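**Q** I have a structure I would like to understand better, so I am pasting it below and will then ask my questions one at a time.
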Ligand SMILES: [Zn+2]
């Protein structure tokens, strides 16, 4: 386990923000917030430990006209494998410290078979991935985002930790596991600098994340499982109950609604907002209405200033918040749509390991 002191993490965060910087730039008043002597010592130490690497020289603006060596975050060491386990597909990226994607792959997620089966699947896929990865890349850890509660039923919150320990033992890498949508909410909190919001993510599965007072909340372990709040409807859910929100607004459910409204049977539900036909309008209205009901209940309980609906529907779905507001007046002006980027969930998983190196 690598342990960095606060000033080292400040320097790494500064480099991540700037891309490259020289020691004088890091020590400058608008730099990383450490003095010259500290910067000199710590940058050398970070270089020896493989966190930073030389990235050329830049003319020094100061007195002597000499050129200053610039540094960047390492692109080959302390990399992380970020894995996103979704209902149907499990996808992984190998991410460098500087956020660069070095490798990407995906496979089918097996059906929900409890914590044992999930552990076996993750250990097996990890072994295969590690064998396939370039050998000159040093992988320090593995971050996994998984829809755990649904996958392991009523397991105790410690199930995350036990699973991580097992995977660490079989892979020989440090391992952290988090609910996938909680991890994503944490990424959004940092990236978009938002301090208070409730996030609902709509993919094959539907999940939630709760950020209040600039902190992700898990309650006693699994808070934020918005996909499994009850709605109208009685369809069976992978979690074992019936009528969950996921069975009404998850992508397979939206495909069903579109089809039942007369739309093409093979239409991709992610295109729902790019289509102008009547069936698409019906399915959009269904989504907005069910979200209005679920978010309206949450609004009454938590009164958050902002709801984020994260989806794969593209920019046209920015019309969704206004539609939701038509079904529930109190939500008007409080809902924002954000599009989930292709690697966002995998980056969120990777962050579970990389976050220890940054402030
Ligand atoms: Zn459910």
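We did not get these values from a lab; they are worked out from the coordinates using the rules stated. Predicted, not measured: the structure shown is a model, and the values here were computed from it. No Cβ is skipped: glycine too gets one built from the backbone with ideal geometry, and neighbour counts run over all protein chains shown.
**Q** How many angstrom lie between the Cα centre of the stretch 225-261 and the Cα centre of the stretch 78-107?
**A** 28
**Q** Right, another one. Order these by the 10 Å Cβ neighbour count, fewest first: 188, 115, 181, 335.
**A** So the ranking, lowest neighbour count to highest, is 115, 188, 335, 181.
**Q** Counting other beta carbons within 10 Å of each residue's own, what order do 171, 201 fall into, fewest first?
**A** 171, 201
**Q** Please report 109, 359 as a ranked list, fewest other C-beta atoms within 10 angstrom at the top and most at the bottom. Each step should come with its number before you reach the end.
**A** Numbers: 109 21, 359 16.
Neighbour counts put them in this order, fewest first: 359, 109.
**Q** Measure nothing fancy, just the Cα-based angle from helix 158-171's long axis to the longest principal axis of the chain, in degrees from 0 to 90, nearest 10.
**A** Once rounded, one gets 50 degrees.
**Q** Next up: Taking each pair of distinct Cα atoms in the stretch 104-261 once, what is the resulting Kirkwood hydrodynamic radius in Å?
**A** Values: mean 1/r = 0.0585 Å⁻¹.
That comes to 17.1 Å for the stretch 104-261.
**Q** Over the stretch 6-73, what is the relative contact order in whole percent, taking alpha-carbon pairs under 8 Å and six or more residues apart?
**A** Contact order relative to length: 37 percent.
**Q** If you don't mind, another one. Can you give me the angle between helix 114-132 and the longest principal axis of the chain, using Cα atoms only, in degrees from 0 to 90, rounded to the nearest 10?
**A** Value to nearest ten degrees: 40.
**Q** Next question, about the same structure. Could you work out how far helix 36-48 tilts from the main Cα principal axis of the chain, as a 0 to 90 degree angle to the nearest 10?
**A** 70
**Q** Continuing with the same structure: Please give the per residue volume of the convex hull enclosing the alpha carbon atoms of the stretch 193-340, rounded to a whole number of Å³.
**A** On the way: hull volume 15.9 nm³, N = 148.
Spelled out: Cα convex hull of the stretch 193-340, divided by residues, is 108 Å³.
**Q** Based on the alpha carbons, how large is the Rg to Rh ratio for the chain when Rh follows Kirkwood?
**A** Radius of gyration relative to Kirkwood radius: 1.03.
**Q** Continuing with this model, one more query. Taking the Kirkwood radius as the inverse of the mean 1/r across Cα pairs, report the Rg/Rh of the stretch 6-73.
**A** Looking at the stretch 6-73, the ratio lands at 0.93.
**Q** Using alpha carbons only, what's the Rg to Rh ratio of the stretch 1-149 with Rh from Kirkwood?
**A** 1.12
**Q** Another one. Show that you can apply the helix-only estimate: for the chain, add -39,500 (n - 2.57) for every DSSP H stretch of four or more residues, divide by all residues, and state [θ] at 222 nm to the nearest 500.
**A** -12000 deg cm²/dmol
**Q** At a threshold of 8 angstrom on Cα-Cα distance, excluding pairs fewer than six apart, so keeping six or more, what relative contact order does the chain reach in percent?
**A** 15
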